[in-house]
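A.B. asks: Before anything else, here's the structure in question.
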Amino acid sequence: MELKDLSEEKNRDLMTAVIEDIMPKFKNLASMKKRKLENRIELLSSVTKEIQKSSEALSAALSAGK
């Protein structure tokens, strides 16, 4: 394996090729991570709402029992 200094003018074509190869992969990876995070947030939101409903029901039951 050979290392190239991509800041050198003679290696600019190589740098451009590397960027053109990497950017779509990076964007795809970022998009997948974003979807995964959004799904987790949606799940946690649903769980939180259910816990709030249970808490309200328990609170009402305890208040009625006094």
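A.B. asks: Against the condition assigned to a helix (DSSP H, G or I) and either touching a Cys at 6+ places or on another chain (Cβ under 9 Å) or surrounded by 10 or more Cβ atoms within 10 Å (Cβ to Cβ) (or both), how does L6 come out, does it pass? Lay out the reasoning, then the answer.
C.D. replies: On the way: assigned to a helix (DSSP H, G or I): no; either touching a Cys at 6+ places or on another chain (Cβ under 9 Å) or surrounded by 10 or more Cβ atoms within 10 Å (Cβ to Cβ) (or both): yes.
For L6, the condition - assigned to a helix (DSSP H, G or I) and either touching a Cys at 6+ places or on another chain (Cβ under 9 Å) or surrounded by 10 or more Cβ atoms within 10 Å (Cβ to Cβ) (or both) - is not met.
A.B. asks: List the number of the failed condition for K25; all other conditions in (1) in a helix (DSSP H, G or I); (2) loosely packed, with under 10 Cβ neighbours inside 10 Å; (3) more than 32 Å from the chain's Cα centre (by Cα) hold.
C.D. replies: For K25, the failing item is (3).
A.B. asks: Of everything in segment 48-66, what is surrounded by 10 or more Cβ atoms within 10 Å (Cβ to Cβ) and of a type in the set (A, V, I, L, M, F, W, C)? Give them in sequence order.
C.D. replies: Correct list: I51, A57, L58, A60.
All of the numbers you see were taken from the coordinates with simple rules; none came from a lab. Small disclaimer: the values here were computed from a predicted structure and weren't measured. FYI the Cβ positions are ideal-geometry reconstructions off the backbone, even for glycines, and counts take in every protein chain you see.
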